[in-house]
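Accompanying notes for the structure given below.
The values are calculated or read from the model by the stated rules, or taken from the named source; none is laboratory data. Fair warning: this is a prediction, and the values are worked out from it, not measured in the lab. FYI the Cβ positions are ideal-geometry reconstructions off the backbone, even for glycines, and counts take in every protein chain you see.
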Amino acid sequence: MSSVCRNALLFVALLCFTGLAQPRELRVCADPDNLPLSDASGNGFENRIARLVAEEMGAELRYEWLPLRRGFVRKTIDAGLCDVFIGVPREFERVLVTRSYYRSSYVFVDGPRAHGIDGFDDGRLASLTIGVQLVGNDLAATPPGHALAATRNVENVRGFTIYGEGPVAQRMVAAVASGEIDAALIWGPQAGYFARRAALEVRAARPPFGLAGVPFEFDIAMGVRRGDRALRDEIDAIIERRRADIDAILAAYSVPRSDRAGGETQ
Amino acid sequence: MRWKGRSLSLAWARRIVVVACVLIWMLPPVSAVPADDGAEWRMPARDYASTRFSPLDEITPSNASRLKLAFSFSTGVEKGHEAAPIVVGGTMYVVTPYPNYVFAFDLTKPGANVKWKFDPKTNASSQGVACCDVVNRGAVYADGRLFFNTLDNHTIALDAASGKELWRAKLGEIQLGQTLTMAPLVVKGRVLVGNSGGEFGIRGWLTALDAATGNQLWRAYSTGPDKDVLIGAAFKPFYAGDRGKDLGVKTWPADAWKIGGGTVWGWISYDPQLDVIYYGTSNPGPWNPDQRPGANKWTCGIFARRPESGEAVWFYQASPHDQYDYDGVNESVLVDLPIGGATRKVLLHPDRNGYLYVIDRATGEVLSADPFGHITTSLGVDLESGALRYNPQKAPKVGKVVRDICPASAGAKDWQPTAWSPRTRLLYIPQQNLCQDTLVAETSYIAGTPYVGAELKMRPGPGGHRGEFSAWDPVAHKKVWTIAEDFPVWSGAVATAGDVVFYGTMDGWFKAVDAKNGTLLWRFKTSSGIIGQPVSYRGPDGHQYVAVLAGVGGWAGAVVSGDLDTRDGSAAFGFVNAMKDLPLVTTKGGMLYVFRLP
């Protein structure tokens, strides 16, 4: 073997070695401006859970930032930009989901005129201005949006689009705090954080009777690429091992829980 | 007597001279109207009446089979190419989809080399906002300037000779879900521009900019109080249901109109005699229909306005309280037709809801509304009230499966413009033949918010073909001939004085057919599916040319241009389900093709 060849082989071996020695990476796709879930500074509870998962894996955490709007699965995980979403509904079929690590519900955030409201049979609803999140077109609405329409509470509903300055829940809670609207129906994990900062109460919303197929509660899991069972299994084990730490993170962000004994949902 | 007579004739002569001078003075500057000899193509629809009719007649049914490629050019852009090439004075202008490059080609040189290229530096994040591929429907030329829109909400004026930017006006915010995809129209020194993005909770408008400076002259919203909609004393809608104060507020729950859609992403026509512009408004959104009881004015209809002030003249709502995404943005073709023993000034409007409306363009009266596609969602149009008679059995509802909704959301025809031939007096319609099922949806998720909706799945309509190219006689109320196409015909059409009509297919055939009977005369296989607008012009050599952009995409072709997963039928709002085989027959990539006789 010529020395050139030997040197080349050595070089290749060295490349292999340094490649193997590189730390493992956990690539997370996240929204850069969607507190309390995530933001580009890493201040959201999903950012903290991501750090925990990466730490357990002994992996280096890397983010791919993209607003998680329409087509986000196709543009991120399906495009190979990342390996995991920290939070998706357990029923979300676009990804392979892990076991769920919390369950929450849509909640009312109420101002003085709507104090104590928790359902759609409340006689005050007809005269109150209620905020809902608007998620898209073509019969798409949040479960409370469907519920308001089904109970014919449509005249005083204020829509808040996911497009706009800052997280929609922040804008909605601010509208309740300023008295612009009387109450808001928001997905719990988004509502709890902003409501606490505004000293407003959060109450799980009870779906109206007879609204079939429109759940108010969702189990939240992590999501990996369809077919990536190894990563799913690994994350499942981490969720089990670090459940107490994950619970503590969620509690620190005032995530209303509907899966906790003792009814910690407020 | 004789002397007196002579004096009279002198007086008359003087008067004639004065009248002639006044007439000449009243004539618009030559550059404001398209050249009549058919040499040029200054706006996507060629003329203000939106006929897309070329007076050139060198290419005929007897020689069309000899058409040959004159030159081609790769744009280097992969998304759907929907624009019409613009031809003025020996130069052709093409605007691409995002990133919205503008190319100027020198038609006097062999191979039409690039004279200049302009890069507007469109913001990349606008791509994530556009609903249905990042298309652009073309530029428009007026008075030495080229005007076009960018996806990130800028209207830009270029010096047509040099490609130098003269001004740019920012008209909207990407963060709010707004984009611009339409081709502007220039009327009386005003650049008319409408917005896109009704899916995201924005409020639709048409805006007039000063062609000289880009300064905003007026903005007419499609929802809200009369003062925002520019409804005033001049507003005289034909039907009683459109009369009343602030209907743009009252036909919605509380504040729902503030984010009610009604965007203006389609076509504008102009009648210089009546001095009225015509355009359509998009669907109401992003509310679920159950959340917005009421007619939801002024969405899904046609506005007639004064170009100088923007004042509304009349409005007709084709699809009140829309439940199917039947945007009203399709073109209005302005023609004069013999109807009921008199010549009526009408507009022909093939709507997404499946009806070909013939509307008196002076008054807004619907003279006829005939189905030009397969319709199950409605049972007809009541000509007394103008109302669309919805079929309650096809009303989509969350948690309920509703099958055979026809036409599908994309409509019997979408944005792709028709052509009118004054010779055959037929309207040539590129159309879809698609129905859809609304299924009970799985859990969806967006920006950290779980929800449920309905899953849409489009599929071929009766006959199994997904598209058609048809010739419609609006006086006889009938389809004279039709060509079944496997894929939706998502390209525009051009009719010519040689009685040859051109259109393209999504699998990449550019076709010439006989205007009288639809006989296929010639076809050419392009490198990618065609969703562009063909045009015809006379080159500097005196010969007739036909030009079209290939480059599949758009809502119908997003499965190819956006690399969508064919296993996910509900992608692109259910369109992927109907287009799963498109990636097997074509690939993406923009290419300009120009043809002529040898």
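With respect to the numbered conditions (1) more than 23 Å from the chain's Cα centre (by Cα); (2) part of a strand (DSSP E or B), which one is the sole condition not fulfilled by residue B:125?
Unmet for residue B:125, out of (1) more than 23 Å from the chain's Cα centre (by Cα); (2) part of a strand (DSSP E or B): (2).
Looking only at the stretch A:115-153, which residues are more than 21 Å from residue B:286 (Cβ to Cβ) and either within 11 Å of another protein chain (Cβ to nearest Cβ) or part of a loop (DSSP other than H, G, I, E, B) (or both)?
Going residue by residue through the stretch A:115-153, those that are more than 21 Å from residue B:286 (Cβ to Cβ) are A:115-128.
Across the stretch A:115-153, the qualifying residues are A:115, A:116, A:117, A:118, A:120, A:121, A:122, A:128.
Going residue by residue through the stretch B:329-337, is there one that turns out to be at pLDDT 95 or above, closer than 16 Å to residue B:430 by Cα and in contact with an Asp or Glu (Cβ under 8 Å, 6 or more places away or on another chain)? Walk me through it before giving the result.
Our first condition is that a residue be at pLDDT 95 or above; within the stretch B:329-337, this holds for B:329-337.
If we keep only those that are closer than 16 Å to residue B:430 by Cα too, we end up with B:329-333.
From what is left, the residues that are in contact with an Asp or Glu (Cβ under 8 Å, 6 or more places away or on another chain) are B:330.
Yes, the stretch B:329-337 contains a residue that is at pLDDT 95 or above, closer than 16 Å to residue B:430 by Cα and in contact with an Asp or Glu (Cβ under 8 Å, 6 or more places away or on another chain).
What tally of residues in the stretch B:276-294 results from selecting those that are within 14 Å of chain A (Cβ to nearest Cβ) and either assigned to a loop (DSSP other than H, G, I, E, B) or within 12 Å of residue B:222 (Cβ to Cβ) (or both)? Spell out how you get there, then give the answer.
Our first condition is that a residue be within 14 Å of chain A (Cβ to nearest Cβ); within the stretch B:276-294, this holds for B:282-294.
Now narrow it down to the ones that are either assigned to a loop (DSSP other than H, G, I, E, B) or within 12 Å of residue B:222 (Cβ to Cβ) (or both): B:282-288, B:292-294.
Adding up the residues that qualify gives 10.
Restricting the search to the stretch B:542-584, which residues are in contact with a helix residue (DSSP H, G or I) (Cβ under 9 Å, 6 or more places away or on another chain), surrounded by fewer than 20 Cβ atoms within 10 Å (Cβ to Cβ) and away from chain A (no Cβ under 14 Å)?
B:580, B:583
So residue B:518 ticks every box in (1) on the phi < 0 side of the Ramachandran plot; (2) of a type outside the set (Val, Ile, Thr); (3) not in a strand (DSSP E or B) but one. Which box is left unticked?
(1)
Kindly establish whether residue B:467 is touching a residue at least 12 places away in the same chain (Cβ under 8 Å) and over 30 Å from residue B:516 (Cβ atoms).
Values: touching a residue at least 12 places away in the same chain (Cβ under 8 Å): yes; over 30 Å from residue B:516 (Cβ atoms): no.
No.
May I ask you to list pairs of residues, at least six apart or on different chains, whose Cβ atoms are under 6 Å apart, with the first in the stretch B:505-534 being free of Cβ contacts under 8 Å to residues at least 60 places away in the same chain and the second being aliphatic (A, V, I, L, M) and surrounded by fewer than 19 Cβ atoms within 10 Å (Cβ to Cβ)?
B:513/B:520; B:518/B:483
Condition first: among the charged types (D, E, K, R) and part of a strand (DSSP E or B). Now tell me which residues in the stretch B:495-515 satisfy that. Show your work before the answer.
We begin by selecting, within the stretch B:495-515, every residue among the charged types (D, E, K, R); these are B:499, B:507, B:511, B:514.
Across the stretch B:495-515, the qualifying residues are B:511, B:514.
Select the strands (runs of 3 or more DSSP E) contained entirely in the stretch B:375-482, then report the ones holding at least 2 residues which are within 22 Å of the chain's Cα centre (by Cα) and either within 14 Å of chain A (Cβ to nearest Cβ) or farther than 29 Å from residue B:128 by Cα (or both). It would help to see each step written out before you state the result.
Numbers: elements: B:378-381, B:388-390, B:402-405, B:419-421, B:426-432, B:434-446, B:449-460, B:467-473.
The strands (runs of 3 or more DSSP E) meeting that bar are B:419-421, B:426-432, B:467-473.
For the stretch B:205-241, enumerate the residues that are touching a helix residue (DSSP H, G or I) at 6+ places or on another chain (Cβ under 8 Å) and either outside any loop (DSSP other than H, G, I, E, B) or within 14 Å of another protein chain (Cβ to nearest Cβ) (or both).
Selection gives B:220, B:221, B:223, B:226, B:228, B:229.
The rows are residues; the columns are (1) at pLDDT 95 or above; (2) touching a Gly at 6+ places or on another chain (Cβ under 6 Å); (3) β-branched (Val, Ile, Thr).
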position	(1), (2), (3)
B:1	no, no, no
B:13	no, no, no
B:38	no, no, no
B:41	yes, no, no
B:46	yes, no, no
B:72	yes, no, no
B:83	yes, yes, no
B:88	yes, no, yes
B:99	yes, no, no
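Out of curiosity, is residue B:269 touching a residue at least 40 places away in the same chain (Cβ under 8 Å), part of a loop (DSSP other than H, G, I, E, B) and among the polar types (S, T, N, Q)? So that I can check it myself, show each step before the final result.
Working: touching a residue at least 40 places away in the same chain (Cβ under 8 Å): yes; part of a loop (DSSP other than H, G, I, E, B): no; among the polar types (S, T, N, Q): yes.
For residue B:269, the condition - touching a residue at least 40 places away in the same chain (Cβ under 8 Å), part of a loop (DSSP other than H, G, I, E, B) and among the polar types (S, T, N, Q) - is not met.
Having 1 or more residues that are more than 14 Å from chain B (Cβ to nearest Cβ) and at pLDDT below 95 is the bar; report the strands (runs of 3 or more DSSP E) wholly within the stretch A:157-253 that clear it. Lay out the reasoning, then the answer.
Working: elements: A:157-161, A:183-187, A:201-204, A:217-224.
Those strands (runs of 3 or more DSSP E) span A:201-204.
What are the residues in the stretch A:89-98 that are assigned to a strand (DSSP E or B) and touching a Lys or Arg at 6+ places or on another chain (Cβ under 8 Å), if any? Even if it seems obvious, please write down each step before you answer.
First, pick out the residues of the stretch A:89-98 that are assigned to a strand (DSSP E or B): A:89, A:96-98.
Passing the criteria: A:96, A:97, A:98.
Is it fair to say residue B:355 is hydroxyl-bearing (Ser, Thr, Tyr) and in contact with a Phe, Trp or Tyr (Cβ under 9 Å, 6 or more places away or on another chain)?
The answer is yes for residue B:355.
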